[in-house]
Amino acid sequence: VKKIAVLTSGGDSQGMNAAVRAVVRSGLYFGLEVYGVQRGYQGLLNNDIFPMDLRSVGDIIHRGGTVLQSARCKEFRTLEGQQKGAQILRDRGIDGLIVIGGDGSYQGANKLSQQGINTMGLPGTIDNDISFTDHTIGFDTAVSVVVDAINKLRDTMSSHERSSIVEVMGRHCGDIALHAGLASGAETILVPEVEFNMDEVAERMKQNFAHGKRHSIIIVAEGVGKGEDVAAELVKRFPTNDPRVTVLGHIQRGGTPTAFDRNLASRLGDFAVRQLIEGQSDKACGIIKGELVATDINTVVSTKKPFNMDLYELALRLSQ
Ligand code: ATP
């Protein structure tokens, strides 16, 4: 490859900028021309593509969001859209594309590779729901945002001996709830991967208060249901408890990325460029036990990420 492009797609995540910076600077270092695509696949179809130099990614390593902006694009789901996108890249002489995004964005990259473009996917999503990588870019920051919010809630909840229900992101993957729950000492963690019984949740809470706890935190991944619904079910079983619900929403996707996410993004961005130079294509880049790995996109998108039951049980053991 001689000319490569980079785009960010789907929901944004903290650290996407650090990944873009790494792609641009590594690409230039290795003698490639590097282009940015504005607004994901939509920008590709609009030919919104511009050359990037060293300075174009200055002062972004610490910023949340994505300077390339993101979008969802229906047209790109069609074969005609994919052919058009590939032709636009070919017309500019661009033969490699690095896509930073989630599962859906990976599928788009896979389709482009079928049209003859060399592609690499980087896991940019806070949900940590991508298989063949231990961490996605943004996950660590999102967990920190949740833990920080729970610290604040704890202060006021213990003053009033109340329980707090915190709804966090994660439609199919409970990793944010799990990791933030462990880090903040939540008594109950409700995730889509583990079945639960509301009677047991309420009983556990009663026991905790009876044993002298002054507050109780229930963390609910959005894939399980709404925090308000969990509160209503709880009150039916434990009427003297007056839980307060906090929905953290999009603040989980914002803020300055942690050092972990910046370093992960830097390593993965550089790795993706080197993979393209080595002639690889249609791969998703990830990190497993500290090692950088590239796995076929098809394998990645068709494999559900396993849930860490050991960590889940640990969180419950430690929060008695
Ligand atoms: P997240 O889930 O973190 O928001 P994502 O990358 O999974 O990120 P999606 O909205 O699913 O987000 O996908 C982003 C874009 O990728 C879509 O708008 C579409 O343009 C493209 N895309 C998704 N699925 C496909 C597919 N099967 N074929 C081609 N393109 C796709």
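The values are calculated or read from the model by the stated rules, or taken from the named source; none is laboratory data. Just so it is clear, the structure is predicted and the values come from calculations on it, not from any experiment. All Cβ positions, even for glycine, are placed from backbone atoms using ideal geometry, and neighbour counts span all protein chains on display.
If Tyr29 meets every condition in (1) out of contact with any helix residue (DSSP H, G or I) (no Cβ under 6 Å at 6 or more places or on another chain); (2) away from the ligand (no atom under 16 Å from the Cβ); (3) under 23 Å from Gly138 (Cα atoms) apart from one, which number is that one?
Failed condition: (3).
Filter segment 171-194 down to the residues that are closer than 19 Å to Asp229 by Cα and either more than 23 Å from the chain's Cα centre (by Cα) or among the aliphatic types (A, V, I, L, M) (or both) and list them by number.
Of everything in segment 171-194, those that are closer than 19 Å to Asp229 by Cα and either more than 23 Å from the chain's Cα centre (by Cα) or among the aliphatic types (A, V, I, L, M) (or both) turn out to be Ala177, Ala186, Glu187, Ile189, Leu190, Val191, Val194.
Could you list, in sequence order, all residues of segment 157-179 that are more than 17 Å from Gly212 (Cβ to Cβ) and not small (Gly, Ala, Ser)? If you could, list the steps in order and put the result at the bottom.
Step one: filter segment 157-179 for residues more than 17 Å from Gly212 (Cβ to Cβ), giving 164-179.
Selection gives Ile165, Val166, Glu167, Val168, Met169, Arg171, His172, Cys173, Asp175, Ile176, Leu178, His179.
Suppose the filter is within 17 Å of the chain's Cα centre (by Cα) and either at pLDDT 95 or above or under 28 Å from Met157 (Cβ atoms) (or both); does Thr246 pass it?
Values: within 17 Å of the chain's Cα centre (by Cα): no; either at pLDDT 95 or above or under 28 Å from Met157 (Cβ atoms) (or both): yes.
Criteria not met by Thr246.
Sort out which residues of segment 7-42 are crowded, with 24+ Cβ neighbours inside 10 Å, over 19 Å from the mean Cα position of the chain (by Cα) and within 12 Å of Ser70 (Cα to Cα), and write them in order of number.
The answer is Val37, and nothing else.
Answer with yes or no whether Val99 is away from the ligand (no atom under 16 Å from the Cβ), in contact with a helix residue (DSSP H, G or I) (Cβ under 8 Å, 6 or more places away or on another chain) and within 20 Å of Gln275 (Cβ to Cβ).
no
Among the residues of segment 145-163, what is the count of those that are at pLDDT 95 or above, in contact with a Ser or Thr (Cβ under 7 Å, 6 or more places away or on another chain) and buried (at least 21 other Cβ atoms within 10 Å of the Cβ)?
The qualifying residues number 1.
I'd like to verify a number: residues in segment 194-222 that are in a loop (DSSP other than H, G, I, E, B) and touching a helix residue (DSSP H, G or I) at 6+ places or on another chain (Cβ under 8 Å), how many? Give the derivation first.
Of all residues in segment 194-222, those in a loop (DSSP other than H, G, I, E, B) come to 194-197, 211-215, 222.
From what's left, touching a helix residue (DSSP H, G or I) at 6+ places or on another chain (Cβ under 8 Å): 194, 214-215.
Of the residues in that region, 3 qualify.
Looking at Thr78, Thr133, Thr125 in this structure, which one is within 9 Å of the ligand (Cβ to nearest atom), of a type in the set (S, T, N, Q) and within 30 Å of Asn308 (Cβ to Cβ)?
Working: Thr78 fails: within 30 Å of Asn308 (Cβ to Cβ); Thr133 fails: within 9 Å of the ligand (Cβ to nearest atom).
When all the criteria are applied, what remains is Thr125.
Residue by residue, here is whether (1) without any contact (Cβ under 8 Å) to a residue 12 or more places away in the chain; (2) over 16 Å from Thr133 (Cα atoms); (3) surrounded by 15 or more Cβ atoms within 10 Å (Cβ to Cβ) holds:
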{"position": "Cys285", "(1), (2), (3)": "no, no, yes"}
{"position": "Thr303", "(1), (2), (3)": "no, no, no"}
{"position": "Asn308", "(1), (2), (3)": "no, no, yes"}
{"position": "Glu313", "(1), (2), (3)": "yes, yes, no"}
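What are the pairs, 6+ residues apart or on separate chains, where a residue within segment 30-48 that is at positive phi has its Cβ under 7 Å from a residue that is away from the ligand (no atom under 12 Å from the Cβ)?
If the second residue must be away from the ligand (no atom under 12 Å from the Cβ), the pairs left are Arg39/Asp48; Arg39/Gln69; Asn47/Ile88.
Return the only residue of Leu234, Leu178 being closer than 30 Å to Asp12 by Cα and either in contact (Cβ under 8 Å) with a residue 24 or more places away in the chain or in contact with a helix residue (DSSP H, G or I) (Cβ under 8 Å, 6 or more places away or on another chain) (or both). Walk me through how you get there before you give the answer.
Values: Leu234 fails: closer than 30 Å to Asp12 by Cα.
Residue meeting the stated conditions: Leu178.
Kindly check whether there is at least one residue in segment 70-79 that is under 25 Å from Ala142 (Cα atoms), of a type outside the set (Val, Ile, Thr), buried (at least 24 other Cβ atoms within 10 Å of the Cβ) and in contact with a helix residue (DSSP H, G or I) (Cβ under 8 Å, 6 or more places away or on another chain).
Yes: one or more hits.
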